[in-house]
1. Charges at C-beta only: +1 for Lys and Arg, -1 for Asp and Glu. How large is the resulting dipole of the chain about its Cα centre, in Debye rounded to 20?
2. Mind ordering 96-105, 37-46 by average Cβ neighbours within 10 Å, highest first?
3. Give me the extension gain from THR151 to SER163: residue separation times 0.36 nm, minus the current Cα-Cα distance, reported in nm with one decimal.
4. Could you work out [θ]222 nm for the chain from helices alone, using -39500 (n - 2.57) per DSSP H run of at least four and dividing by all its residues? Round to the nearest 500 deg cm²/dmol.
5. Which ordering of PHE173, PHE126 is given by a fewest-first count of other beta-carbon atoms within 10 Å?
6. Could you point to the residue in ILE170, MET41, VAL77 farthest towards the positive end of the range 12-173's charge dipole, with +1 and -1 charges on the Cβ of Lys/Arg and Asp/Glu respectively?
7. Quick check on the exposure proxy: order TRP149, TRP165 from fewest to most C-beta atoms within 10 angstrom.
8. If each of LYS34 and TYR118 carries a label point 7 Å out from its Cα toward its Cβ, how far apart are those two points in nm?
Amino acid sequence: MINTEGTPVYTEQEKAYWKSLAREYEAHLADMAKKHPTAAMLGVKTCVRCGQCCYTYVCIPRPEELPAVADYLHISVSELISKYMVADTEDCRTFFLRWAKHGEEDITGGRIPPIRTYDHGYCIFFDEKAGSCLIHPVRPQEARYVKCWKTGNGRDRSQWGMSGWTKDDIYRFIPDFDSHLPQGIGAD
């Protein structure tokens, strides 16, 4: 069910379902951290190219950052979105574009179905073998800001890419974007 503000209202069964997905995902991330220790875990004060940040927190570029990435890849912003990005939301009111994860290529260019929120995978621009970002020179501010070896780093929400998006920005990039979801658990 959707309330008058357009925000989903979940039954107790649906809430329990989403909480179980979140717990499973958190456990998976903890397992990944054991396999790929971060600089902080190793007591190092520089990036160790473990990829944990690119696995745990897929970047959300701000709208004004998209043209530089598209230029770097020698494609249009429209192609960047259709090949490498998904529309997502934190609150069902403001939508943003974020990099897809490896394995989400089948849904790029549109809204991520809620059931896919907890997909496992590195950022689509992370080269796991080389331990590097394929767009490093033009990576979003969010990626420049996060430094896992600094205590409390990453908590300032004003530095997060999603803070750069307004309710209308998504329509600049996807004019026919539909923010409504079909009904039911895991609508897709």
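Readers should treat all values here as calculations from the given coordinates under stated rules, not as data from a laboratory. If you're wondering where the values come from, they're calculated on a predicted model, not measured in any experiment. Because the Cβ atoms are built from the backbone with ideal geometry, glycine has one as well, and the counts that use them run over all protein chains shown.
1. Value, rounded to 20: 960 debye.
2. Highest to lowest by the protection proxy: 96-105, 37-46.
3. Working: separation 12, 0.36 × 12 = 4.32 nm, distance 2.15 nm.
Between THR151 and SER163, full extension yields 2.2 nm more.
4. Dividing the helical sum by the residues of the chain leaves -8500 deg cm²/dmol.
5. So the residues, fewest neighbours to most, are PHE173, PHE126.
6. MET41
7. TRP149, TRP165
8. According to this spin-label approximation, the distance is 1.8 nm.
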